[in-house]
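What follows is a short report on a single structure.
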Amino acid sequence: MHKCIPGVEFCENMAYFVIARNLITFLTTVLHESKVDAARNVSAWVGACFFTPVVGAFLADTYWGRYWTIVVFLPIYITGILILAVSASLPMFSTFPEHGNVDRAVVYLGLYLAALGNGGIKPCTQSFGADQFDSTDLGELVKKKSFFSWSFFMINASSVLSGTVLVWLQDNVGWGVGCAIPTVLMIISFPVFIAGSRVYRFRKLGFSPLKSLFQVIVAAVRKCHLQLPENKSLPYETSSSSSATDRSRKIQHTNQFRFLDKAAIVLPPSDKMCMKHMNSSWSLCTVTQVEELKMLLRMLPTWASFMTFYTVSGQMTSTFIEQGMVMDNRVGSFAIPPASLTIIDALTVLVLVPIYETISVPLVQRQDKVFSQALHIGIGLALSMIMMVYAALLEMKRLEIVQSSGLADHDVAAPMSILWQTPAYFLHGVAQVFTCISISEFFYDQAPDTMKSLCAALVQLAIASGAYLNTLLLGVISVTTTSGGAPGWIPDNLNEGHLDYFFWMMAAISLINLAMFVNSSMTYRGNTASS
């Protein structure tokens, strides 16, 4: 019953990667956008792909459930990528001037429909897959950890296929053919996923988790003038349920964010506000409701670290590819498409996930789970910083060769092999193995029971925020470094620019991010749910 879910995730990610891996090339060579504009548009689209999961998660946790959210949004995704395949194939959507801007409008319609469909699937597939395991069974808990590892493995398997076969087809046969293959696979995955519905495990829905969070905030503000009782047994908790209907698990009281505890203070009958709102959930919340909000607040520093990690990772589909486009991509008689080097990243993951799985499962059984997750995330953040240092040094060497060859004024590739980018992609792959698997586990394990999809969406939102931050940084760099007629750090002719300065800046941001994560993880308190 678990195999249908990774299958959908595999097809969805193949569709995403076949667009994202080569979108920068398509925008610059087919739609003729400038390098900075193309990099910004790629980051904006990637951001949309990882921002829309908030909508999907809200619908999944509140109204439809994870299964029906996938069923609704999968056809939207199929429609988006189908439009892309058609717009890149039919003559009526070509980029010739007589067709005006129709091609651009149709391309971006397909892109953002795909982003919307993606938003309903991404926060639900892993959470729905994890729902299939019984949290009270120790054997199934180990299988659940393996599920996250192998799910990440499947994502990168789709990335390898997209970055090799499909990118080659896009460059040598046509974009339409490259998009048509994942479209067909997604169409097939739809009925296959539905066919497994008889054996899936479904979690019961409570009421809106976002509504519950806002109730705590409103109730705490209403009672801001009150003093917290010294007796910790006074805050309100129901005897049979907490913030969600039919829920048996409660969360123990903690002393962090004490102001929010005021939302659970029971007022005496003589209090006028109590008489007016005594039955209002906007004035009196349970301890579990309060602790659910505290759990989310405790996860925010980790979320911010992950956002910065993906600001750095955004270079893999933008500036790294642009750097590869001005390097010698010939290996013998074969020309390597710059976007195809991203498969090194994915291949690294495919090789290392089984090793990681073999080592990490026994390690977690001997160590505290939260400590193990924090350690792995920290290693991944450190590796991403080293990757940016390497990229900066590589660009310095490339520019040195450009200057010595007299090519600074020519928009041509430097006589330096593109294979020198390989270590950067390898480092990013290793960083992802440590960071992405552990962050998915962390947000699922530490999330309140009623907010599993919402917290999975927070992971996607961190990726979106990283992409938008990358877009903002590129825009700021473009404006500030081109004043006075200067070519800037990232001009259309990179031989005239200083992309290395941008990479050094990203390395510095990564170092600050690592320091902040280490500081926050040392004081983190884990999930306090109890039966």
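Points worth noting:
- Residue check for Val430: at pLDDT 90 or above and farther than 18 Å from Thr302 by Cβ: yes
- Subset of region 33-78 that is touching a Leu at 6+ places or on another chain (Cβ under 6 Å) and acidic (Asp, Glu) - its residue that is modelled with the highest pLDDT: Glu33
- In summary, Pro423 fulfils each of the numbered conditions (1) within 27 Å of Leu375 (Cβ to Cβ); (2) surrounded by 19 or more Cβ atoms within 10 Å (Cβ to Cβ); (3) modelled with pLDDT of 80 or more with the single exception of condition (2).
- Filter result (assigned to a helix (DSSP H, G or I), among the β-branched types (Val, Ile, Thr) and over 22 Å from Leu347 (Cα atoms)) within region 148-204: Val177, Thr183, Val184, Ile187, Ile188, Val192, Ile194
- In region 393-406, residue modelled with the highest pLDDT [restricted to those that are surrounded by fewer than 18 Cβ atoms within 10 Å (Cβ to Cβ) and of a type outside the set (Val, Ile, Thr)]: Leu393
- Of all residue pairs spaced 6 or more apart or on separate chains, those with beta-carbon atoms under 8 Å, a first member in region 407-418 that is at negative phi and a second member that is of a type outside the set (A, V, I, L, M) and open to solvent by 50 Å² or more (accessible area, probe 1.4 Å) are Ala408/Glu496; Asp409/Glu496; Asp411/Asp492; Ala414/Ser405; Pro415/Ser405; Met416/Lys397.
- Taking the conditions (1) surrounded by fewer than 21 Cβ atoms within 10 Å (Cβ to Cβ); (2) touching a residue at least 60 places away in the same chain (Cβ under 8 Å); (3) assigned to a helix (DSSP H, G or I); (4) out of contact with any Lys or Arg (no Cβ under 9 Å at 6 or more places or on another chain) in turn, Asp500 satisfies each one other than (4).
- Flag for Tyr468 being at pLDDT below 85, assigned by the TED database to the domain that holds Ser405 and under 25 Å from His428 (Cα atoms): yes
- Each residue in region 100-127 was checked for being open to solvent by 60 Å² or more (accessible area, probe 1.4 Å), of a type outside the set (Phe, Trp, Tyr) and either at pLDDT 80 or above or over 29 Å from the mean Cα position of the chain (by Cα) (or both), and 5 of them qualify.
- Each residue in region 317-355 was checked for being touching a Cys at 6+ places or on another chain (Cβ under 9 Å) and small (Gly, Ala, Ser), and 0 pass.
- The listed residue being among the β-branched types (Val, Ile, Thr) and over 20 Å from Thr308 (Cα atoms), out of Val402, Val476: Val402
- You will find that of Tyr63, Tyr16, the residue that is surrounded by 19 or more Cβ atoms within 10 Å (Cβ to Cβ) and aromatic (Phe, Trp, Tyr) is Tyr16 and no other.
- Yes/no for Val412 being of a type in the set (A, V, I, L, M, F, W, C), at pLDDT below 85, in the same structural domain as Ile344 (by the TED database) and open to solvent by 50 Å² or more (accessible area, probe 1.4 Å): yes
- Within region 38-62, the set of residues being over 13 Å from the mean Cα position of the chain (by Cα), over 15 Å from Ile121 (Cα atoms) and not small (Gly, Ala, Ser) comprises Arg40, Asn41, Val42, Thr62.
- Conditions (1) touching a residue at least 24 places away in the same chain (Cβ under 8 Å); (2) closer than 25 Å to Thr311 by Cα; (3) open to solvent by 20 Å² or more (accessible area, probe 1.4 Å); number of the one not met by Asn41: (1)
- When Gly176, Gly163 are checked against the criterion of being surrounded by 22 or more Cβ atoms within 10 Å (Cβ to Cβ), modelled with pLDDT under 80 and not charged (D, E, K, R), a single residue qualifies: Gly163.
- Qualifying residue in region 329-344 (condition: part of a helix (DSSP H, G or I) and modelled with pLDDT of 85 or more): yes
- Residue pairs meeting the criteria (Cβ under 7 Å; at least 6 apart or on separate chains; first closer than 13 Å to Ser305 by Cα, in region 423-443; second assigned to a helix (DSSP H, G or I) and aromatic (Phe, Trp, Tyr)): Thr435/Phe309; Cys436/Phe152; Ile439/Phe306
The values are calculated or read from the model by the stated rules, or taken from the named source; none is laboratory data. As the structure is a prediction and not an experimental result, all values here were calculated from the model. For neighbour counting, all protein chains shown are included, and Cβ atoms are generated from backbone atoms with ideal geometry for every residue, glycine included. Calculation scope for accessible area: heavy atoms of the full protein, side chains included, ligands and nucleic acids excluded. Shrake-Rupley method; radii C 1.70, N 1.55, O 1.52, S 1.80 Å.
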